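Read through the structure below, which is laid out as structure tokens, and then see the notes.
The values are calculated or read from the model by the stated rules, or taken from the named source; none is laboratory data. Please read all numbers here as calculations on a predicted model, not as lab measurements. Cβ: placed from backbone, ideal geometry, glycine included. Neighbour counts: every protein chain shown. When the accessible area is computed, the model is the full protein with side chains, heavy atoms only, and any ligands, DNA or RNA have been set aside. Shrake-Rupley method; radii C 1.70, N 1.55, O 1.52, S 1.80 Å.
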Amino acid sequence: MNRGFYTIMAAQFFSSLADNALLFVAISLLTSMNAPASLTPLLKLSFVLFYVLLAAFVGAFADSLPKGRVMFIANLIKVFGCGLMFVSVHPLLSYAVVGFGAAVYSPAKYGILTELLPPEKLVPANGWIEGLTVMSIIFGTVLGGTLVSTHGSAWLLGFDMPGFDTGIDTGAEAAMAVVVVIYILATLFNLRIPDTGARYEHQERNPAKLIADFANCSATLWRDKLGQISLAVTTLFWGAGATLQFIVLKWAERSLHMPLDKATNLIGVVAIGVALGAIMAARMIPLRKSLTVIPLGIIMGLVVCSMVFVTSVTYAYPLLILIGFLSGFFVVPMNALLQHRGHVLMSAGHSIAVQNFNENLSILTMLALYAVMITLNLDLDIIVIMFGLSVAGIMYFIGRKHAANQREHDSLALIGEHKH
């Protein structure tokens, strides 16, 4: 690991911290507007929409410039989106613009790892990146909950700069000002990210050809015996993780009788578990053993079902830490394997764009289904059980598919292969 990697980690931490804090500021704004409950999951849906819509284009953009510069541009877009919310543009639209910046940011953020590090370093590097991302979720969630709480708003509004009128009159505006400062800090770190020297052939600019090229890259990754398994697992994980975030908030309100600013702490508890699992996986699971973690995904789905029996905060905390731990332990090796295969088969930016498209399409689908269930007033216990069993069932079939692939050909021999 070198100084460039640590600079990337710092930039990622602060950018993700601001993304997560802003989500809860936006949720608070929707609540103050007396918006329907079904709009809350749509907030996250609006954020990930551009990951899907721009998937064919952001990979080429990430490969057309040094990755640090791409990340700098993306963070400026996020600042602009936050500014829109500041001038009373609807939270759904404002957060969608922040999502646009995040969609541009992601291929560069992960793609630079394959340019900077050898394959054997990708699992520990992903462990650090995922662990740090999860820490940013923890702090971002707690920060967001604190900023929108009564005490947090009062403290921020009571903070004055002598001889200077900030023009900030509400708690929401004060919270958004804090988020903008964090985005600017991330942007400053982006300027310090080194140029890896990696250059790719001239990137296509014709939209039709870009879409055709993206479709070809996607088909290549899904046909690959290792790529299809790791892509299926990470696709399921991110869709399930985004939905679980909102299920936990609703569960905290109904079963644990917690207000929003307290319920956000439970998201942080899950994230602590993910961080522990990610760090342990980085230490214990080499790239060649990455597929041995598939059964943990099945166990995680079954453990989620047990949430329906918990009505006490005393039992809620260890349960959520366990769910997070299982998630982090099985997703980090899969993520590293997927990045390795993508780098072998195509360019870094293109492979991450394919990954983002599939993972965020999963998020869109699962959040849309959850929003429909909430609109239909389906009992939360039924939603939790359906969610847990679906995750366990899909992971079981992914495991069966890998076993079938192995019977045909030893796909594990492809791990460590040099770039085509």
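Descriptive notes on the structure:
- Criterion: open to solvent by less than 10 Å² (accessible area, probe 1.4 Å), part of a helix (DSSP H, G or I) and farther than 20 Å from residue 51 by Cβ - qualifying residue of 394, 374, 383, 352: 383
- Options 342, 301; residue that is closer than 28 Å to residue 24 by Cα, open to solvent by less than 20 Å² (accessible area, probe 1.4 Å) and over 17 Å from the mean Cα position of the chain (by Cα): 301
- Within the range 261-275, considering residues that are of a type outside the set (Val, Ile, Thr) and farther than 19 Å from residue 238 by Cβ, the one most open to solvent (accessible area, probe 1.4 Å): 262
- Matching residues, the range 207-224, being open to solvent by 70 Å² or more (accessible area, probe 1.4 Å) and in contact (Cβ under 8 Å) with a residue 40 or more places away in the chain: 207, 211
- Search result, residues across the range 270-297 that are among the aliphatic types (A, V, I, L, M) and touching a residue at least 60 places away in the same chain (Cβ under 8 Å): 271, 272, 274, 275, 278, 279, 281, 282, 285, 287, 291, 294
- When the range 57-66 is filtered for residues that are touching a residue at least 40 places away in the same chain (Cβ under 8 Å) and surrounded by fewer than 23 Cβ atoms within 10 Å (Cβ to Cβ), the ones remaining, listed by number, are 57, 60, 61, 64, 66.
- The range 272-297, residues that are over 17 Å from residue 335 (Cα atoms) and among the aliphatic types (A, V, I, L, M): 272
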